[in-house]
Amino acid sequence: QKEVEQNSGPLSVPEGAIASLNCTYSDRGSQSFFWYRQYSGKSPELIMSIYSNGDKEDGRFTAQLNKASQYVSLLIRDSQPSDSATYLCAVDSYSGAGSYQLTFGKGTKLSVIP
Amino acid sequence: EAQVTQNPRYLITVTGKKLTVTCSQNMNHEYMSWYRQDPGLGLRQIYYSMNVEVTDKGDVPEGYKVSRKEKRNFPLILESPSPNQTSLYFCASSSDSTTEAFFGQGTRLTVV
């Protein structure tokens, strides 16, 4: 079974600091990687997607991918209280017979302290 | 408005009484899936479908059925619900498994 591992947290950072969220995955053949944000009681929503090694920046968010180490991370710069949520790492993997499956980590709860 | 619609949002039922949770998307997406979310266990995939009439088991398919007779709808069926199926359920759709998944609002199911 494909595994996606995240630290459950909670991760607490002061307002304005950088929050660093990490994720490892077990399937070396994975090609697509996602970070979702989920507020309490709400549906997950996509923050970033990344498909190749290196960094991808979008506003205050930077996703980093290292396929050799099977590691993907999300950095949130200038953290705001509104960033307080659970962050879910998701990895796409081939499950046979032309079929692909998206597996989520258990999520890291982030709290940004004003 | 592009969206994934699940119904009902909340459901309390008794053990053994068959139920269906509906899911519909208006984005012409090929890929649809069902997840359950439990405290400490995260989002776990129940079933997914890459196209009409094509469905595959996810990580926790036991006790569930799905069908994909048309592209927009992907209902989740619990033939004989049990208390261990009490959970928060999400339906999601995407163009394919490599692109952004859009989630429904969630269905909170309680089986007593």
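Values quoted throughout were computed directly from the atomic coordinates according to the rules given, and no laboratory measurement underlies them. On a predicted model such as this, the values are computed, not experimentally measured, just so you know. Reconstructed Cβ throughout: ideal geometry from the backbone, glycine too, with neighbour counts over all protein chains shown.
Note on region B:1-79: enclosed strands (runs of 3 or more DSSP E) holding 2 or more residues that are away from every other protein chain (no Cβ under 14 Å) and touching a strand residue (DSSP E or B) at 6+ places or on another chain (Cβ under 9 Å) are B:10-13, B:19-25, B:76-78.
Residues of region A:69-92 that are in contact with a Pro (Cβ under 8 Å, 6 or more places away or on another chain) and either part of a strand (DSSP E or B) or closer than 18 Å to residue B:102 by Cα (or both): A:88 alone.
Scanning region A:39-64 for residues being closer than 21 Å to residue B:92 by Cβ, free of Cβ contacts under 8 Å to residues at least 40 places away in the same chain, small (Gly, Ala, Ser) and outside any strand (DSSP E or B) gives a total of 2. Residues of region B:1-49 that are closer than 25 Å to residue A:91 by Cβ and among the aromatic types (Phe, Trp, Tyr): B:31, B:34, B:35, B:47, B:48. Residues that are within 13 Å of residue A:29 (Cα to Cα) and within 14 Å of another protein chain (Cβ to nearest Cβ) within region A:56-101 comprise A:91, A:92, A:93, A:94, A:95, A:96, A:100, A:101, listed in sequence order. Within region A:5-33, the set of residues being surrounded by fewer than 17 Cβ atoms within 10 Å (Cβ to Cβ) and within 14 Å of another protein chain (Cβ to nearest Cβ) comprises A:5, A:7, A:8, A:9, A:10, A:26, A:29, A:31.
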